[in-house]
1. Given the pairs 84/152; 225/332; 332/370, which span a C-alpha to C-alpha distance of over 19 angstrom in this model?
2. Given a Förster radius of 25 Å and the C-beta distance between residue 118 and residue 383 as r, what FRET efficiency does 1/(1 + (r/R0)^6) yield to the nearest 0.05?
3. Which far-off residues, 5 or more places away or on another chain, put their amide H under 5 Å from the one on residue 390, with H placed in the peptide plane?
4. What do you reckon, how do 105, 462 stack up by accessible area (1.4 Å probe), largest on top?
5. Could you order 289, 149 by accessible surface area, starting with the largest, using a probe radius of 1.4 Å?
6. Rank 139, 123, 162 by how far each Cα sits towards the positive end of the charge dipole of the chain (+1 on Lys, Arg Cβ; -1 on Asp, Glu Cβ) and give me just the farthest.
7. Restricting to lysines 8 or more places apart or on different chains, can you count the pairs in the stretch 429-487 with Cα atoms under 14 Å from each other?
8. Using the Kirkwood radius built from alpha carbon pairs, what does the Stokes-Einstein equation give as D for the stretch 231-318 at 10 °C and 1.306 mPa s, in µm² per second?
Amino acid sequence: MNEQQRKQANQIKQVDPSDIKSDQDSNLERIKQIDSDEMISKYFQATYQPPNLKKAKKRLKKDVDIHYDFAISQEMKQIGQGKKFLIRTYGCQMNEHDTEVMAGILTDMGYQSTDDTNEADIILLNTCAIRENAENKVFGEIGHLKPLKLEKPDLILGVCGCMSQEESVVNRILKKHPFIDMIFGTHNIHRLPSLIQEAMFGKEMVVEVWSKEGDIIENLPKVRKGKIKGWVNIMYGCDKFCTYCIVPYTRGKERSRLPEDIIQEVRQLAAQGYKEVTLLGQNVNAYGKDLEFEYGLGQLMEEINKIDIPRVRFTTSHPRDFDDHLIEVLAKGGNLLDHIHLPVQSGSSEVLRVMARRYTREEYLNLVAKIRKAMPNATLTTDIIVGFPNETDEQFEETMTLMEEVGFESAYTYIYSPREGTPSARWEDNVPMEVKKERLQRLNALVNKQSKEAMKKYEGQIVKVLVEGESKKNPDVLSGYTERNKLVNFRAPKSVIGKIVEVKVTEAKTWSLDGELVEEAVEVK
Ligand code: 5AD
Ligand code: SF4
């Protein structure tokens, strides 16, 4: 979309409700028509300006503008009256939180939420692009939704999130799934009301994906998923450009929110009774680097430490930017929990070099030693990729030994997945898939062993659990997490949900702990 088109799209169109019916009819007409290839190519020419990964890589030095004036026009506030929305979320916490924002916008437009696809008037797929299987799931879901759309032509189907930022994905949807009504990118979420308006009243698929990162939009409404734990964005984007990773292209350059805006949001959550916040960013340790004044994650955490909220977590860290000041602040404890998720990706310095991680095995181990010295009880968890292009057996063994040497208590492990547009996707790869799978199995066996051992140490101990609700498997059992992020299942009255209680661990499993309530509803901080 060029500047001119964007300006036009920005102008709020007046909506005459009597137009709605005829637009629904034309919608059905459109679906029928677009089964022909000729029509599809017409759609391309008419509407389509693809997102561009090369452009996304060009980082501008210009300052990011922060906007505090988001508003939904009066007529768009009525448009969802009596209608329902459903958002399906794939991927990371950042996406989960974006879903909360989109739910906030849709609620302000009068829509109500539903879990039933048959009831929904608008369905959004908030997608993840990090690995190929994440994308396959979304295309599977798009296929499942086609009959519903044919049955209910006025249903609005939208694809958003990271996949929409990829040129190849947008092309594929335009060619193979033309019944989708709108595609919008991660920088376009605040434009949702106008996009819905265009999708409702226009005849063409609405595609709005800005290749370059947007500004920061501060006052977006949110409908949070729960009332106990909340997510707070501290920054957006990533400038690291690890050679395998699509995120810097799909999420744009690093942009930090102002400390006062973050602090205010955390204070509000505390005032509303939330017990835990997780500060979110793709690379939270780079927080503040783009601000005009000297400020970093350590300083932000120092401020947040003073807020009366029992638990503060943060994710995800990059080892490269994890500085001494942050370690010093975290070591003071208080509401800053001593669980650190510190993705290492590989135990081999050579693989780390080609991944462009900008640290060696030794540097990572030094960082771990510093953290352990300052926070002897800290739990460390990580992310690991196996089968990176041309990873040798020896290099993989180095990942295995690093896993043991650090004593990670848990790890998310992945087989390398080539992402179009990233440097590593263009490289030759001499590691057969069978070998990659074997490596993953061996690594997972080690991760399970270490997790089990870590859990075993808790047997007989009393832990503080933030009770989240009924366990997924058994409604008679409650569950919650300890400060170090261990899942605990125990029997207790439902009145303790939302509170921090002491639980004695009776049995350790591989991924969770069973326990019994020590004192009923005694809140501890
Ligand atoms: N293939 C496999 N795993 C990946 N990750 C990121 N990109 C890829 C990829 N192309 C993993 C990394 C990251 C986590 C969120 O996903 O381990 O830390
Ligand atoms: Fe991707 Fe994380 Fe590397 Fe950024 S730091 S490029 S999000 S793996």
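The values are calculated or read from the model by the stated rules, or taken from the named source; none is laboratory data. Keep in mind the model is a prediction, meaning the values are calculated, not measured. Reconstructed Cβ throughout: ideal geometry from the backbone, glycine too, with neighbour counts over all protein chains shown. Accessible surface areas use protein heavy atoms only, side chains included; no ligands, DNA or RNA. Shrake-Rupley method; radii C 1.70, N 1.55, O 1.52, S 1.80 Å.
1. Over 19 Å Cα-Cα: 225/332.
2. 0.10
3. 430, 431
4. Accessible-area ranking of 105, 462, largest first: 462, 105.
5. Heavy-atom accessible area, descending, gives 289, 149.
6. 139
7. Taking the stretch 429-487 as the scope, the lysine pair count is 5.
8. It diffuses with D of about 119 µm²/s by this estimate.
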